[in-house]
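Values quoted throughout were computed directly from the atomic coordinates according to the rules given, and no laboratory measurement underlies them. Nothing here was measured: the structure is a model prediction, and the numbers come from that model. In this analysis, Cβ positions are derived from the backbone assuming ideal geometry, glycine residues included, and neighbour counts consider all displayed protein chains.
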Amino acid sequence: MAQIEPILRLVATPFESACDLAFYLDFYGIAGLCAWAFGDRSIWLLLMEALNPSNEKIAWNLKELVQDESEIVAVAASIIAQVAITALSLDSLSQTHWTARSSLVLSLVSAIMAVYAASTEYRMLCRCVKSENIAMRGVPSIASVITVSAPFALLVLALNSFLLGFGIWLGYICLDSDSTWGDSRAVFFTYTVGLGTCNLVYAASTVSTSSRKSLFEWKSDLMRKVAKERPQESQAHDPVMATASQPKSSHEELSNVLRQTAKLRRELAESEELLAGLYERLGRERHDNSPLGLTSKQLSAANFI
């Protein structure tokens, strides 16, 4: 059962895509079509994790993840752009159907735009030096979802356009009766089967590693989270409720003050006792140092006589 589970989930992917469309329409209205067509489901879920602005760790992790993805996308798009430029100089390309040339041109333009979008996104995140500049204050907006999803979406478009244009050119060359290629049909058949197999394996691996939780479940979790945090926030802003909710800490603080006061009084009593002992010692020393052991009054009277 575990071996066929990815295949079952792959078959259910169109249904999940329809559910995502229904969620976006319910959440954003008619503008949800843009989020469904140009956004990425995983990006939406990633932005949902950054809803709590008080947790700086989530915000910085989000920044690091998006920056790393931007670097990878920029490198991959640069490679595809170079390959697309080379493919535009293929033999007999001008004699093939116009869709082959247009697909290769679209691949080149999409790859260049992917590099630009990834570089812009990386530069914007580098300017975010505070966690509140990164953390989301509410539900992810359509603009934020599309902005973060754009580089990879353009990369996918560039790759698929290149494969389509190259396939059309290869089919024209291999299926042409005047082709100089030996076993040309076998070459085109190998390309088609290999491309289909690679896409199937990639789709199965993507489905097997994706989250099982639907967007509607994420929405319900968000609503429960907001409903749970609202009473705590209102209680924190209400001084009466805040004081009533913390009686133990106030009593502890008062008892600590009383203990410190008693300690200071004991130290003051010890200091006064020490000073009294010093005064007593000084008095004895003055009495002992006087001639014949006379007191100071007796000495004064003797001097007067």
Along region 255-265, what does the Karplus equation 6.51 cos²θ - 1.76 cosθ + 1.60 (θ = phi - 60°) give for ³J(HN,Hα), rounded to whole Hz, x for Gly and Pro?
5, 5, 5, 5, 5, 5, 5, 4, 5, 5, 5
Calculate one ³J(HN,Hα) per residue across region 269-274 by plugging θ = phi - 60° into the Karplus curve 6.51 cos²θ - 1.76 cosθ + 1.60, and present them in order as whole Hz with x for glycine and proline.
5, 5, 5, 5, 5, 5
Ordered by packing density, taken as the mean number of other Cβ atoms within 10 Å over each peptide's residues, highest first, how do 20-27, 121-128, 192-199 rank?
20-27, 121-128, 192-199
Based on the alpha-carbon gyration tensor of region 22-108 and its eigenvalue square roots a ≥ b ≥ c, which shape applies: rounded if a/c is under 1.5, prolate if not and a/b is larger than b/c, or oblate?
oblate
Between Trp98 and Glu64, what FRET efficiency comes out of the Förster formula 1/(1 + (r/R0)^6) with R0 = 45 Å and r the beta carbon distance, rounded to 0.05?
0.55
